[in-house]
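Read through the structure below, which is laid out as structure tokens, and then see the notes.
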Amino acid sequence: MTSSKKCLVEDKNIFYLREGAGDPIILLHGITTYSFIWRKIIPLLAKHYDTIAPDLLGCGSSDKPLDEDYSIKNQSEIVAGFIKKLKLNRVHLIAHDIGGGIAQILAVNYPELIKDVTVINTVAYDFWPVQPIVAMRIPVLRQLAMATLEFGAFKFMVNRGLFNKKVLTDELMELFWEPMKTPLGRKAFLQFAKCLNNKQLVEIEDKIHNITMPFLIIRGDQDIYLSSEISRKLHQNIKGSKLIKIPNAGHYMTEELPEEIANILMQFLSEN
């Protein structure tokens, strides 16, 4: 059964979900989501692994200090601290969206902590951020977004990220919307968007290409938010990497095809 926990990393409370036993897996979410995005994946992986899904700083139930840097580089430092705090021995790192950028930085800066990396519909290089996140980084528009960010607009953004629209149930939308119910949650979301900087991945591009640990790239071909060029270029430049394309999956593929994704993940992990 999945349990909810928290630990202190750099004086900040980081909330996480944990289930299972065995080799440790860390699941990293992206922007617009938090640990809930792995809710259908965790029970499947937890049959064989110690499966851990933290909320990034400013997301979900983790602390939301508004004067902190929520950039992927700083988030990677917090995740590294989180792994050390839990005394985990070389984790399988699985990451979605912005979390994939964090995973790339971790693979470069903390290879001793990581056994292998899987990125799912990830950011990379300078192909991101994308709309509507870009608009939220502009001060005037950010203030407008703070004033007008409402359930309908957010639901539209989520719906666009799904290939199978039937997946967008009231329950799922409620999970997406939960952090936005408070002014602090909204401010933290906009602070996250403001701090996104693709230069932090561009500056490690050469080092990314020198990664030797097992590296899996999963791409949902119906992801309208992130370009297929990202997965193609990563696969081309990371020697020995594997690329799996799923034709009938959108950006939030863990909600659309959890069993298929989990099977792909377990096959990859069993090889390493």
Worksheet entry | Leu149 vs. criteria at pLDDT below 90 and under 17 Å from Thr32 (Cα atoms) | yes
Worksheet item: In the stretch 150-188, which residues are under 23 Å from Asp223 (Cα atoms), aliphatic (A, V, I, L, M) and out of contact with any Phe, Trp or Tyr (no Cβ under 7 Å at 6 or more places or on another chain)?
Response: Ala153, Met157, Val167, Leu168, Leu172, Met173
Discussion item. I'd like to check something: does the stretch 230-241 contain any residue that is in contact with a Lys or Arg (Cβ under 8 Å, 6 or more places away or on another chain), charged (D, E, K, R) and touching a residue at least 60 places away in the same chain (Cβ under 8 Å)?
Written reply: no
Worksheet item: If you take the residues in the stretch 191-209 that are among the aliphatic types (A, V, I, L, M) and under 14 Å from Asp69 (Cβ atoms), which one is surrounded by the most Cβ atoms within 10 Å (Cβ to Cβ)?
Response: Ala193
Worksheet entry | Residue check for Ile83: closer than 25 Å to Asn197 by Cβ and surrounded by fewer than 24 Cβ atoms within 10 Å (Cβ to Cβ) | yes
Item to complete: Kindly indicate whether Lys64 is in contact with a Cys (Cβ under 8 Å, 6 or more places away or on another chain) and either modelled with pLDDT of 95 or more or farther than 20 Å from Ile208 by Cβ (or both).
Response: no
Fill in: Trp177, sole failed condition from (1) surrounded by fewer than 18 Cβ atoms within 10 Å (Cβ to Cβ); (2) more than 20 Å from Asp55 (Cα to Cα)
(2)
Item to complete: Please tell me if Asn121 is in contact with an Asp or Glu (Cβ under 8 Å, 6 or more places away or on another chain), more than 25 Å from Ser241 (Cβ to Cβ) and either in a strand (DSSP E or B) or not hydrophobic (A, V, I, L, M, F, W, C) (or both).
Response: no
Worksheet entry | Within the stretch 212-232, considering residues that are surrounded by 17 or more Cβ atoms within 10 Å (Cβ to Cβ) and charged (D, E, K, R), the one farthest from Ile114 (Cα to Cα) | Asp223
Discussion item. Scan the stretch 249-264 and tell me whether some residue there is at pLDDT 95 or above, under 17 Å from Thr212 (Cβ atoms) and either acidic (Asp, Glu) or in a strand (DSSP E or B) (or both).
Written reply: no
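The values are calculated or read from the model by the stated rules, or taken from the named source; none is laboratory data. Note that the structure is a prediction, hence the values are computed from the model and not measured. We place every Cβ from the backbone using ideal geometry, glycine too, and count neighbours over all the protein chains shown.
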